[in-house]
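The values are calculated or read from the model by the stated rules, or taken from the named source; none is laboratory data. Predicted model, so just to flag it, every value in this text is computed and none were measured. Heads up, the Cβs are rebuilt from the backbone with ideal geometry, glycines too, and the neighbour counts pull from every protein chain shown. SASA here: full protein model, heavy atoms, side chains in, ligands and nucleic acids out. Shrake-Rupley method; radii C 1.70, N 1.55, O 1.52, S 1.80 Å.
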Amino acid sequence: MKALVLAGGLPQIDLINKLKARGIETILADYYNHPVAKDYADKFYRISTLDVDAIKQLAIDEKVDFVITVCTDQALLTMAKVSEELGLPCYIDYETARNVTNKAYMKKVFAENKIPTAKFVIAGNLEEVDFSNWRFPLIVKPVDCNSSKGVRRVDNGEELATAFKEAVLLSRTDTAIVEEFITGKELSVDVYVENGNAIVLDITTSEKLKVKDRFIIFRTWHPANISAILKGKIEKVAQQIADAFGIEDAPMLIQMLSDGDYVFVIEFSARTGGGVKHLSIERRTGVDIVSAVIDLTLGEKPHIVPREPLTRYMVDEYIYCKPGVYDHVEGFDDMKKSGVITDYYIFRWKESIFDTVENSGDRIGGFTIQGDSIEELRDKHNLVNRTVKVLSMTNKDIMQHDLLADFNDQEA
């Protein structure tokens with residue numbers, strides 16, 4: 001068999017390895033010249049995963065048996081569309097993929113099914129909307145981007161106009177969403193839907209950079225510090241979403257805000273979270289989401305049975321860089337061998353250029369620490385942050401250590 005894998009990030013390395021372990025040849029397509037998963041695939045083509053026609057032609061030329069991706073948002077739509085047009089197996093149909101990757105469709109379904117979400121409006125031009133009854137701050141976002149690209153908080157009309165224009169330019173459909181700003185803790189909820197039953201696997205909370213109009217994650221806590229009552233409400237909303245979108249068998253990622261009593265859905269997708277979420281879920285629950293997606297694509301239905309976590313806490317830390325050209329990292333192997341960190345991950349390739357930090361996709365990598373007490377986590381965190389380095393081509397440490405300087409115990 002032969003598989004066409006879309007996107008060449010860290011999760012796709014795991015996907016490619018598991019496909020090859022089953023004797024399946026792998027063809028990788030990605031926009032970048034040398035994505036981190038390139039060297040793991042049997043063949044590589046530099047093609048944007050958003051170019052549906054080019055991906056379709058590649059699937060035809062290579063005579064692939066199926067198209068697949070994991071843990072990435074917009075490539076999900078390409079996978080579903082190409083699979084449907086070529087009659088290839090896929091765990092999600094095109095209409096559903098469109099609804100879960102386009103925030104305009106998504107918000108409409110939320111409203112129709114009374115799924116709690118922020119007040120919103122969708123437009124291609126600001127003049128189409130009367131904002132006289134809206135109160136600042138507001139949130140502006142493109143309808144079809146991920147990694148927080150183009151997502152901005154705005155505090156006045158001038159900022160709204162600037163952010164809206166940027167969001168529309170980033171959108172492939174030339175439209176943006178403006179929604180009310182809800183204060184509260186942001187929760188990331190990873191779910192697996194089996195036979196229509198939404199099983200909540202992990203609820204995490206994220207810390208973000210202290211930048212007024214940006215939403216850039218630099219730390220994720222497992223599990224989120226929430227009450228049993230709130231967890232029950234989250235489970236109810238997860239089932240509402242699965243029912244509303246007709247999702248029978250698939251992973252889901254739901255982004256929520258909570259004030260402690262209620263939850264509001266920001267957005268969701270029929271996939272697992274990006275970065276290292278697939279690894280974190282397996283460490284916390286024993287559930288191998290990547291293998292489950294392969295099984296679903298091949299017509300099998302895995303039975304998901306989460307286990308109890310091995311440690312009380314787990315934290316994923318994400319690393320950003322100062323301006324420079326990336327060469328290599330130092331200190332991570334020693335930290336892993338000594339058990340200070342569970343693992344580390346590099347998302348970018350040698351000679352990657354770093355300039356400014358605009359969104360979560362600008363991270364160089366990350367690492368995971370685990371423990372049964374806050375004190376243990378804090379000690380490990382501080383040791384890693386003062387030990388590891390991200391070195392540039394000029395042998396300069398370009399890691400932004402200051403971003404990890406504070407360890408917020410309140411999230412635990």
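Other residues whose C-beta falls under 9 angstrom from the C-beta of Lys277 contribute a net charge of -3, scoring Lys and Arg +1 and Asp and Glu -1. Taken along the Cα-to-beta-carbon direction at a fixed 7 Å, the label points for Glu84 and Thr394 span 5.1 nm.
Within the accessible area of segment 1-86, what % is carbon and sulfur when the probe is 1.4 Å and the other protein chains stay in place? Display every interim value, and only then the final one.
Numbers: 1600 of 3450 Å².
Accessible surface attributable to carbon and sulfur in segment 1-86 totals 46 percent.
Just checking the listed ones, Ala75, Ala244, Ala21: in the Gaussian network model of the chain with Cα springs under 10 Å, the one fluctuating most is Ala21. Straight Cα distances below 13 angstrom link Lys389 to the aspartates and glutamates Asp327, Glu330, Asp333, Asp334, Asp397, Asp402, with same-chain residues fewer than 8 positions distant left out.
Under 12 Å from the Cβ of Val305, count the other residues' Cβ atoms, weight Lys and Arg +1, Asp and Glu -1, and hand me the total. Before the final figure, lay out each step's value.
Details: positive: Arg307; negative: Glu194, Asp288, Glu308.
Spelling it out: positives minus negatives among the neighbours equals -2.
Of all accessible surface on segment 301-412 at a 1.4 Å probe, what whole percent is carbon and sulfur? Summing carbon and sulfur atoms, their accessible area is 47 percent of the total for segment 301-412. Over segment 123-278, what is the mean sequence separation of C-alpha contacts under 8 Å (at least six apart), divided by residue count, expressed as relative contact order in percent? About 20 percent, as a whole number. Computed over the chain, relative contact order equals 14 percent, with contacts defined as Cα pairs under 8 Å that lie 6+ residues apart.
Which trypsin sites (Lys or Arg not before Pro) from segment 279-328 combine a DSSP loop assignment with at most 13 other Cβ atoms within 10 Å? Show your work: numbers first, answer last.
On the way: sites: Arg283, Arg284, Arg307, Arg312; in loops: Arg307, Arg312.
Sites meeting the loop and neighbour criteria: Arg307.
Relative contact order for segment 329-411: what is it in percent, counting Cα pairs under 8 Å that are at least 6 residues apart?
Working: 76 pairs, mean separation 25.6, N = 83.
Relative contact order of segment 329-411: 31 percent.
Comparing mean-square fluctuations of Ser227, Ser360, Ser83 from a GNM of the chain with C-alpha springs under 10 Å, the top value falls on Ser227. Along segment 306-318 the Karplus relation, 6.51 cos²θ - 1.76 cosθ + 1.60 evaluated at θ = phi - 60°, assigns HN-Hα couplings of x, 9, 6, x, 7, 10, 5, 10, 8, 10, 9, 9, 10 Hz to successive residues, with x for each Gly and Pro. Once you reduce segment 334-397 and segment 93-168 to the center of their Cα atoms, the two points are 33 Å from each other.
When the accessible area of segment 115-274 is split by element with a 1.4 Å probe, what percent falls to carbon and sulfur?
Values: 3320 of 6670 Å².
Carbon and sulfur together cover 50 percent of it.
Across Glu112, Glu330, Glu84, mean-square fluctuation computed from a Gaussian network of the chain (C-alpha pairs under 10 Å connected) peaks at Glu112. Measuring between alpha carbons in the structure, the pairs from Lys119/Lys231; Lys141/Lys350; Lys107/Lys141; Lys185/Lys208; Lys103/Lys208; Lys119/Lys185 lying more than 20 angstrom apart are Lys119/Lys231; Lys141/Lys350; Lys103/Lys208.
Backbone phi angles across segment 387-402, fed through the Karplus curve with coefficients 6.51, -1.76 and 1.60 (θ = phi - 60°), yield HN-Hα couplings of 10, 7, 9, 10, 9, 8, 5, 9, 6, 9, 6, 9, 5, 7, 4, 5 Hz in residue order; Gly and Pro are listed as x.
Neighbours of Tyr318 by Cβ distance under 13 Å: Lys/Arg scored +1, Asp/Glu scored -1, total +1.
Of the options Pro11, Phe367, Leu391, report the single residue whose Cα projects farthest towards the positive end of the charge dipole of the chain (beta-carbon charges: Lys, Arg +1; Asp, Glu -1). Working it through, the farthest residue towards the positive pole turns out to be Leu391.
With the other protein chains left in place, how much accessible area per residue, in square angstrom, belongs to segment 283-381 at a 1.4 angstrom probe? Display every interim value, and only then the final one.
On the way: 4460 Å² over 99 residues.
Per residue, segment 283-381 has an accessible area of 45 Å².
Database remark: amide H of Leu187 closer than 5 angstrom to the amide H of Met256, Leu257, Ser258 (H placed geometrically; neighbours at sequence offset of 5 or more, or on other chains; Pro and chain starts carry no H). How much accessible area per residue does segment 70-117 have, counting only protein heavy atoms and a probe of 1.4 Å, in square angstrom? It amounts to 38 Å² per residue over segment 70-117.
Listed here are the pairs Lys322/Lys380; Lys301/Lys380; Lys2/Lys277; which of them are more than 30 Å apart at the Cα?
Working: Lys322/Lys380 23 Å; Lys301/Lys380 39 Å; Lys2/Lys277 26 Å.
Table pairs above 30 Å Cα-Cα are Lys301/Lys380.
A cut-off of 5 Å between modelled amide H atoms, ignoring neighbours fewer than 5 places along the same chain, links Ile177 with Lys141, Val143.
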